[in-house]
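Single-structure report; data block below.
The values are calculated or read from the model by the stated rules, or taken from the named source; none is laboratory data. Predicted, not measured: the structure shown is a model, and the values here were computed from it. Quick reminder, even Gly has a Cβ in these numbers, built from the backbone with ideal geometry, and neighbours come from all protein chains shown.
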Amino acid sequence: MCDTEVVFILPAITNRIAGGYKVIYQNANYLSKQGVKVSILYNANKGKNGKNVPKKLMLLLRKILVKLEPRWFELDKKIIKKSIDNISEEHFDKKSIIVVTSADIALKVKSMKISNKVVYMIQDYEKWILKESELEETYRSGFINITVSKWLEEIVDNISEKKSYYIPNGIDSQIFYEFIKQEKRNKFSIAMLYHNDLRKNTELGLKVLDELKKKYPELTVDLFGSPKRPKNIPDWIRYSEKISPVELNKLYNRNSIFLCTSDYEGFGLTGLESMFSGCCLVSTRCLGVQEYAKHRYNSMLCDIGDKEQLVNTIDLLFNDSNLLEELVRNSKEVIEKFSLKKSEKNFYNVIKKME
């Protein structure tokens, strides 16, 4: 495959840690290490602009930023990165395989006059990017569709004329693993992702934690995320900003429970990471998380938006160590099923078939 070039197209470069970008970077690294020429084009017009920053200046800043980022992920140095103001036909060699990574980018590439083979990485049902009719039209583009979840696979296959490839996200077990046994951890400890995306429903999570702190004064909580410490986080909660994967694994390992309060998840990467690291997962029944989480077998699942149910569930686990430890033991099965190596190899095999 040394003569093949694979070009990933991402939205604008960002210094924020993002699960969707991380999956793309992992696949890009794997291809590069197999001898594939890999490029990443960032669509500089697709991203959040800073307040009161003129567009021309923002585009220039993104060209500079692409030389520095991602600092939170170690990309193979052979991978070429560019920030492009307006992605068009001229940016692709005729033999390049193009990988589109969001619905708006898929729509843009579909409109181009190119003969390149195109892979469409579908990591969520992105109805906040396009109207649903436009979104579903991207699934009919004739691209090679890859879905990360069974629920996405069902939606896409009901619309597309081609069968999609199901490649669930994988976790690197060399980074995320249990080194502190559950029974050795502080029983009254919870970890949670802090995210500004309303779909993650972080506000609900904070309310759950507040309720539990009133009942269990000894409760400790670790929050982590990309933003600087938000003002709405109480002083008694520890907050870690943009921590490395190694530090994140340490954070998981010092906590007994990982809490996810999302309304929607394309897959739910952090929940799976926490299970690899020996946490007991307590989550809402959002579709992505149910790729790997089975209620009362390897996790505890609650109704979406139900604060009382989430509080009562964690209360139950705090008082039933046998149940908590049984869930953690059973969660070891996901380590084999959702390995990063398997995911990367499956993606590579799809690319090989397109030569």
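What to note about this one:
- Matching residues in the range 61-86 - criterion: being in a loop (DSSP other than H, G, I, E, B) and over 20 Å from the mean Cα position of the chain (by Cα): LYS77, LYS78, ILE79, ASP85, ASN86
- Residue count for the range 85-103, restricted to those that are under 25 Å from LEU57 (Cβ atoms) and crowded, with 18+ Cβ neighbours inside 10 Å: 2
- Taking the criterion of being modelled with pLDDT of 95 or more, acidic (Asp, Glu) and not in a helix (DSSP H, G or I), the only residue of the range 145-177 that qualifies is ASP172.
- Inter-residue pairs, beta-carbon under 9 Å, first in contact (Cβ under 8 Å) with a residue 60 or more places away in the chain and in the range 316-339, second among the acidic types (Asp, Glu) and not in a helix (DSSP H, G or I), 6+ apart: VAL328/GLU178; SER339/ASP172
- Among residues that are in the same structural domain as ARG16 (by TED's automatic domain parsing), part of a helix (DSSP H, G or I), touching a residue at least 40 places away in the same chain (Cβ under 8 Å) and not basic (Lys, Arg), TYR30 is included.
- Here LYS81 does not fit the description of being without any contact (Cβ under 8 Å) to a residue 40 or more places away in the chain, assigned by TED's automatic domain parsing to the domain that holds PHE347, basic (Lys, Arg) and at negative phi.
- Across the range 231-256, the qualifying residues are those that are more than 20 Å from the chain's Cα centre (by Cα) and at pLDDT below 95, and the one among them that is surrounded by the most Cβ atoms within 10 Å (Cβ to Cβ) is ASN232.
- Looking at PHE179, PHE267, just one residue is surrounded by 16 or more Cβ atoms within 10 Å (Cβ to Cβ) and over 17 Å from MET300 (Cβ atoms), and that residue is PHE267.
Residue by residue, here is whether (1) within 27 Å of GLU203 (Cβ to Cβ); (2) within 17 Å of the chain's Cα centre (by Cα) holds:
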position	(1), (2)
LEU272	yes, yes
MET275	yes, yes
CYS279	yes, no
GLN309	yes, no
ASN330	no, no
VAL334	no, yes
SER343	no, yes
PHE347	no, yes
MET354	no, no
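Here is a yes/no grid of residues against (1) more than 21 Å from LEU323 (Cα to Cα); (2) not in a strand (DSSP E or B); (3) not polar (S, T, N, Q):
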position: GLU183; (1), (2), (3): no, yes, yes
position: ASN186; (1), (2), (3): no, yes, no
position: ILE190; (1), (2), (3): no, no, yes
position: ARG199; (1), (2), (3): yes, yes, yes
position: GLY205; (1), (2), (3): yes, yes, yes
position: GLU211; (1), (2), (3): yes, yes, yes
position: LYS228; (1), (2), (3): yes, yes, yes
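- Residue within the range 52-60 that is within 23 Å of THR138 (Cβ to Cβ), assigned to a loop (DSSP other than H, G, I, E, B) and not assigned by TED's automatic domain parsing to the domain that holds ARG229 present: no
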